[in-house]
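Structure first, then comments.
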Amino acid sequence: MDVDGSQSPAVTGLPANTRRLHARGREIYLVGTAHVSLESIEDVRKTVELVAPDAICVELCQARYEAFTQPDVWQKMNVFKVIKEGKATLLLSHLVMSAFYKRIGDRLGVRPGADMLEGVKQARERDVELVLADRDVQVTLKRTWRHLGVWNRLKLISLLVTSALVEPDIDKEAVDELKRPDRLGDVLMEFAEAFPAVKQCLIDERDVYLAQRIREAEGQRVVAVVGAGHVPGIAREIHRDHPLGPLETVPERSLWSRSLKWLAPLLVAAIVAYGFYSAGAAHSLESISIWVLVNGVLAAVGAALALGHPVTVLAAFLAAPVTSLNPTIAAGWVSGLVQAWVKKPTVADLEAMPEVVTSFPKGLWRNTVSRILLVVVFSNLGSTLGTFIGGSWIAARSF
C-alpha cells in the first residue's frame with residue numbers, strides 16, 4: 001500500500017530513503033539524499049534501476065545545472081555586469097557556501113551535488129525526460145534577502161562566513177543521521193526559530209515549487225532526487241495544484257522600506273543644517289568634514305582589506321561620502337568597477353574561479369575576479385559602518 005493509501009503493484013527492494021507516492025494517477029518516487037553522501041548516489045542509481053521511470057526530476061535550477069555540468073561556465077561571467085546589477089554579494093555568498101560543501105565533500109570523499117549529477121547521468125543514459133525542478137537560485141536568494149531585516153542579515157552573513165572558515169566536524173555517521181526524518185525535523189525546527197524568514201524562502205516555498213514541478217513531469221512513473229529535508233514537505237504538497245508565478249517573482253520593497261533608505265541621508269542633511277543655524281558655518285563645516293572622513297576612511301579600509309589597488313582604495317574614499325547620501329548607488333559599486341578597470345580579469349582568472357573554492361579562504365584574495373567581489377562587499381560594509389558612526393557623531397555634537 002502506498003503512503004497515501006492507494007493500491008498499485010509495488011516496486012520491491014527500494015532503498016530506505018526512497019518514498020513512494022501517488023499523484024494525478026501516477027507513481028512518484030522521492031529519493032531523499034544528502035548532497036555529500038556516497039550512499040545517496042547509490043540510492044539514486046538503485047531507485048532508477050528498479051523503477052525504470054519515464055522522467056527523472058532533480059533538485060537543480062538551470063543556473064545550478066550549468067554550474068555542475070559546464071566547467072567553463074565561469075568564463076562566461078561578465079564582471080562589470082555583476083557589479084552594475086548589484087549581484088556581487090550574492091555571487092560571493094555562493095562561493096562561500098560552495099567552499100563549505102567542498103570541504104565536507106573532501107572529508108567524505110564525494111563531490112558536492114554528486115547525488116543530483118547521478119540523477120542527470122541516469123536520465124541521459126536511459127534517454128528519459130530530465131526535469132530541472134528547483135526554482136532559480138537567484139530568485140530564491142533575492143526573496144530570502146528581501147524578507148530579512150538588517151539584524152538577521154548580519155546574523156546570516158556571520159553564520160555563512162563562520163561555516164566556511166571553521167573546519168566542519170562532519171563524518172559519514174553525521175551525514176547519515178541528517179537523512180533521518182525525525183532528526184531532520186529537529187534541525188529544521190531549530191533553524192526556523194533562528195531564521196523563520198530564511199526557512200520560509202529556502203525550504204517551505206521550495207517544497208511547494210518542487211512538488212508542483214514534479215507533478216507536472218511527463219510519464220506514469222517519475223523519480224525525483226531531492227534533499228532529504230524536502231521530502232516531508234513535497235509529500236504534503238504533491239496532491240495540491242500550485243500556481244508557480246507568485247513564487248518566481250521577487251516582491252517589491254514596501255513603501256516604508258524604500259523610504260527608509262533615504263532616511264539616513266535626510267537626517268544627516270537636517271542635522272548639518274540645524275548645526276549651521278544654531279552654531280554657525282564653522283560648526284557645519286566640521287560636521288561635513290567628519291562625514292567625509294569617517295565615511296571615506298572606513299570605505300577605503302574595506303577596499304584595502306580586500307587588497308584593492310591603491311587607485312581603488314582612493315576611489316572608495318572619494319565615493320563613500322557621496323554615495324552614502326544617494327541610496328541609488330553604492331560605494332562598493334564604484335570601487336569595484338575601478339578595481340575591474342585597473343586589474344582587468346583575464347580568461348585565465350575566470351577559468352581559475354573553481355580553484356577559489358578549493359583554496360578557500362585564501363583563494364578569494366588571490367583570484368582577480370573574486371578580489372573584485374571582495375572590494376565591492378568590503379567597501380559597502382565600510383561605507384555603511386561609516387554612515388552610522390559619522391551620523392551618530394554629527395548628531396551627538398549638534399544637540
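Values quoted throughout were computed directly from the atomic coordinates according to the rules given, and no laboratory measurement underlies them. Note that this is a predicted model, so its numbers are computed, not measured. Note that each Cβ is placed from the backbone with ideal geometry, even for glycine, and that neighbours are counted across all protein chains shown.
Quick notes on this one:
- Taking each of Lys121/Lys344; Lys84/Lys142; Lys199/Lys362; Lys84/Lys344; Lys199/Lys343 in turn, the alpha-carbon distance tops 27 angstrom for Lys121/Lys344; Lys199/Lys362; Lys199/Lys343.
- Neighbour-count order for Thr18, Thr312, Thr368, fewest beta carbons within 10 angstrom listed first: Thr368, Thr18, Thr312
- Each of Leu117, Leu21 was scored by other Cβ atoms within 10 Å of its Cβ. Listed from fewest to most, they are Leu117, Leu21.
- By other beta-carbon atoms within 10 Å, ranking Ile394, Ile56 with the fewest at the front produces Ile394, Ile56.
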